[in-house]
Amino acid sequence: MKKNLQELDKKYLWHPYTQMKDYEERDLLMIDRAEGMMLYDTEGKSYYDTISSWWCILHGHNHPTVKTAIKKQLDRLEQVLLAGTSHEPAVLLAEKLIQLTKKHLTKVFYSDNGSTACEIAIKMSLQYWRHTGEPERTGFIGLERGYHGDTIGTMSLGGVPGFHGAFTNLLFDSHRVPSPYCYRCPMGTTREHCSIECIKPLEELLAEHGKKIAALIMEPLIQAAGGMIIYPAAYLEKAASLAKQHSIHLILDEVATGFGRTGKMFANEHVAVEADFLCLSKGITAGYLPLAATITTDEIYQAFYADYIEDKTFYHGHTFTGNPLAAAAGLGSLQVFDEEDPLAHITKIIPYLHERMERFTELPWVGDVRQLGMISVMELVKDKKSKESFRFEERVGWKIYLQGLKQGLILRPLGNIVYLWLPLCATREDIDEITERAWRVLSNKDNISGF
Ligand SMILES: Cc1ncc(COP(=O)(O)O)c(C=O)c1O
């Protein structure tokens with residue numbers, strides 16, 4: 001039966017972000033069940049889910065409170081359209097999200113994944129300018145190494161050529177400014193001497209084209225998929241202030257950072273910035289079901305609020321927009337925040353994690369260790385001094401992934417970037433165990449290809 005699953009998988013499934021040929025003669029990791037931080041395969045072997053199942057699991061797998069919320073909802077209403085109809089979980093979750101986010105945010109628009117959360121913000125911004133007498137504002141600015149999803153709109157504003165290069169011909173034109181990538185500073189300076197010179201290209205771009213720009217989109221404090229680039233809060237503050245100065249919208253993509261991962265409920269709480277759109281997904285349901293929210297201001301909402309014949313409706317929606325089961329999971333997750341206070345727990349855990357990660361700086365192939373909240377990142381290099389990267393074809397990340405599995409760890413490096421993206425429920429014991437196993441993988445020269 002177990003063997004059969006492997007065969008059927010290869011026969012019928014095409015996996016995301018996966019070169020299927022890698023599995024020609026290798027089994028996929030067939031997960032059977034999960035509990036807390038652990039995943040168990042069909043052979044009964046356990047693995048630490050160190051990347052929170054693509055950055056979404058918050059309170060661990062199989063949490064009773066979230067599960068109960070979903071089960072209760074399943075007995076009442078599993079799905080209904082959200083156009084012209086509504087339901088309790090969608091309403092109550094929207095109320096809670098508005099209470100949790102900054103005061104100026106007042107309206108929740110649901111969808112069902114992170115890409116659509118951002119795509120909706122992009123479309124709303126464009127349509128807002130059309131409704132408010134500035135239809136020439138059609139330009140968008142994204143950051144190099146930014147990632148906002150895999151739809152055409154979000155790819156058009158993203159900056160990860162490795163992911164989206166094949167689709168260039170499909171994408172619309174948009175502006176790109178350098179990533180505030182401190183380890184490889186675009187301005188050639190160092191963290192010690194930095195005065196956020198890398199904001200200059202954005203300043204210049206806005207000075208020249210500001211009146212034609214609708215919005216700037218960015219991930220606050222960490223560009224995740226683009227290389228786990230943790231950048232100074234001052235960059236975010238300056239970018240937000242430039243957006244305000246030029247009256248363009250600021251879209252903050254908190255799909256990955258939302259719900260505690262950075263140490264605060266939302267990454268934008270680390271700074272005094274006010275986004276016009278806040279995009280949430282992944283952790284919104286603690287990772288249990290697909291849901292997303294694009295949260296915006298009353299000013300934007302009012303620009304669409306008109307008599308029907310004025311044709312100002314926002315024509316966008318997905319079948320599973322605000323699905324009752326997913327919204328119930330969201331409420332269940334927020335109940336865990338209330339009852340167990342994981343944010344208080346991680347204020348003690350984060351310094352411990354960061355300290356435990358410091359030893360990795362000793363390794364000759366670890367060029368940089370950067371950390372934010374429950375996220376710890378190591379950038380592997382061939383040479384610390386020159387910061388020369390491993391080449392694409394060396395597949396260093398793949399090798400580490402395979403070695404991680406042997407140690408009972410799901411590490412899923414992004415190329416040369418090895419990272420932990422831990423759930424809020426991680427304990428000191430988990431961190432000891434994970435960092436020890438990761439050390440075994442990373443300190444072994446044979447595991448680092450080409451070294
Ligand atoms: C910051 C950010 N935005 C958007 C997305 C896209 O989310 P999804 O994969 O749910 O479409 C991701 C996914 O990793 C992300 O990290």
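Mind checking whether some residue in the stretch 251-260 is touching a Cys at 6+ places or on another chain (Cβ under 8 Å), within 22 Å of Pro201 (Cβ to Cβ) and without any contact (Cβ under 8 Å) to a residue 60 or more places away in the chain?
yes
Using the structure shown, decide if Ala214 is more than 16 Å from the ligand (Cβ to nearest atom), within 30 Å of Val336 (Cβ to Cβ) and either surrounded by fewer than 23 Cβ atoms within 10 Å (Cβ to Cβ) or assigned by TED's automatic domain parsing to the domain that holds Lys102 (or both).
no
Go through Gly210, Gly165 for me and flag whichever is at pLDDT below 95 and in a helix (DSSP H, G or I). I'd like the intermediate steps shown before the answer.
Numbers: Gly210 fails: at pLDDT below 95.
Going through Gly210, Gly165 in turn, just one is at pLDDT below 95 and in a helix (DSSP H, G or I): Gly165.
Would you mind stating whether Lys96 is in the same structural domain as Glu237 (by TED's automatic domain parsing), surrounded by 15 or more Cβ atoms within 10 Å (Cβ to Cβ) and in a loop (DSSP other than H, G, I, E, B)? Step through it out loud before you land on a result.
On the way: in the same structural domain as Glu237 (by TED's automatic domain parsing): yes; surrounded by 15 or more Cβ atoms within 10 Å (Cβ to Cβ): yes; in a loop (DSSP other than H, G, I, E, B): no.
Judged against the criteria, Lys96 is not a match.
Show me the strands (runs of 3 or more DSSP E) found entirely inside the stretch 218-311 where at least 3 residues are within 11 Å of the ligand (Cβ to nearest atom) and under 15 Å from the mean Cα position of the chain (by Cα).
Numbers: elements: 249-253, 277-280, 292-297.
Because the criterion is at least 3 residues that are within 11 Å of the ligand (Cβ to nearest atom) and under 15 Å from the mean Cα position of the chain (by Cα), the strands (runs of 3 or more DSSP E) in the stretch 218-311 that meet it are 249-253.
So which of Ala90, Ala69, Ala83 ends up being modelled with pLDDT of 95 or more, farther than 30 Å from Ile410 by Cβ, of a type outside the set (Val, Ile, Thr) and buried (at least 16 other Cβ atoms within 10 Å of the Cβ)?
From the options Ala90, Ala69, Ala83, the qualifying one is Ala90.
The values are calculated or read from the model by the stated rules, or taken from the named source; none is laboratory data. All values reported here derive from a predicted model rather than from experimental measurement. In this analysis, Cβ positions are derived from the backbone assuming ideal geometry, glycine residues included, and neighbour counts consider all displayed protein chains.
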